[in-house]
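This report concerns only the one structure given below.
Coordinate-derived values only; no laboratory data. This is a predicted model, so every value here is computed, not measured. Cβ atoms come from the backbone with ideal geometry, glycine included; neighbour counts cover every protein chain shown.
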Amino acid sequence: MTIENVRQEIENIDRELVELIAKRVEFADDILKYKHQANLPINDDTQNNVVIDRAVSIATERGLDSTVVKQIFNLLIQMNIERQHELSGEGNLP
Ligand SMILES: C=C(O[C@@H]1C=C(C(=O)O)C=C[C@H]1O)C(=O)O
């Protein structure tokens, strides 16, 4: 494989990652509807821990640096929470 081939593979993965991040954020809408119905807060620390622990566990099985994976998932959770606030009309972003 040439370096261009490897960079093309990395680009393909990067595009998939961004698509997956977008899909994950899109579920903010569905989650928010349930939360409004059940009068639940947007941030749920118990569920945040479930998501983080699961990601750390998978990362460890795959031999990845779990500290970095934890940071990535904290950002993903933050993105979802921010989108829920935006959808509630409480956000700063457009
Ligand atoms: C998506 C949810 O809302 C928030 C975002 C979470 C996430 O991005 O995984 C998890 C818990 C909540 O703080 C949820 O409650 O499941």
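Report the residues of segment 48-87 in range of a label on Lys33: point 7 Å along Cα→C-beta, backbone N strictly under 16 Å from it.
84, 87
For segment 3-87, with only Lys/Arg (+1) and Asp/Glu (-1) charged at the beta-carbon, what is the dipole magnitude about the Cα centre, in debye rounded to 20?
Roughly 240 debye, rounded to the nearest 20.
What percent does the relative contact order of segment 3-87 come to when contacts are Cα pairs within less than 8 Å and at least six residues apart?
It rounds to 36 percent for segment 3-87.
Which of Met79, Met1 comes first, and how do the rest follow, when ranked by fewest Cβ neighbours within 10 Å?
Met1, Met79
Counting only other residues whose beta carbon sits under 12 Å from that of His36, what net charge do I get with K and R as +1, D and E as -1?
Combined, the nearby Lys, Arg, Asp and Glu give 0.
Enumerate the calculated ³J(HN,Hα) couplings along segment 82-87 in order (Karplus 6.51 cos²θ - 1.76 cosθ + 1.60, θ = phi - 60°), each rounded to whole Hz, writing x wherever the residue is Gly or Pro.
Result, ordered by residue: 4, 5, 4, 5, 4, 5 Hz.
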